[in-house]
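For reference, the structure discussed in these notes is given below.
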């Protein structure tokens with residue numbers, strides 16, 4: 001399981017193009033908690049780390065599928 005530093009959490013949220021409020025809703029935490037995570041005031045617990053890992057894996061899979069789909073289209 002990834003440790004999820006404040007920088008990684010913020011970068012992941014930005015990669016998803018989400019505001020803190022929207023990211024918080026997905027994670028089922030408060031906007032303030034996301035702010036604290038990104039500033040390093042709080043650290044993600046085990047359940048939140050697992051959720052972030054799952055979300056990151058899903059996002060990576062979507063990006064890989066887009067790349068494969070794009071390559072397929074170029075050969076047609």
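Of note:
- Extension gain for residue 15 to residue 50 (0.36 nm times residue separation, less C-alpha to C-alpha distance): 10.8 nm.
- Taken along the Cα-to-beta-carbon direction at a fixed 7 Å, the label points for residue 7 and residue 28 span 3.1 nm.
- Using C-alpha pairs under 8 Å with a sequence gap of at least 6, the mean separation divided by the residue count of the chain gives a relative contact order of 32 percent.
- Cβ-Cβ FRET estimate between residue 43 and residue 67, R0 fixed at 35 Å, reported to 0.05: 0.60
- In this structure, residue 36 and residue 59 have a Cβ-Cβ separation that, at R0 = 22 Å, corresponds to a calculated FRET efficiency of about 0.45.
Each reported figure results from applying straightforward, stated rules to the coordinates on display, with no laboratory input. This is a predicted model, so every value here is computed, not measured. Positions of Cβ are backbone-derived with ideal geometry, glycine not excepted, and every protein chain shown enters the neighbour counts.
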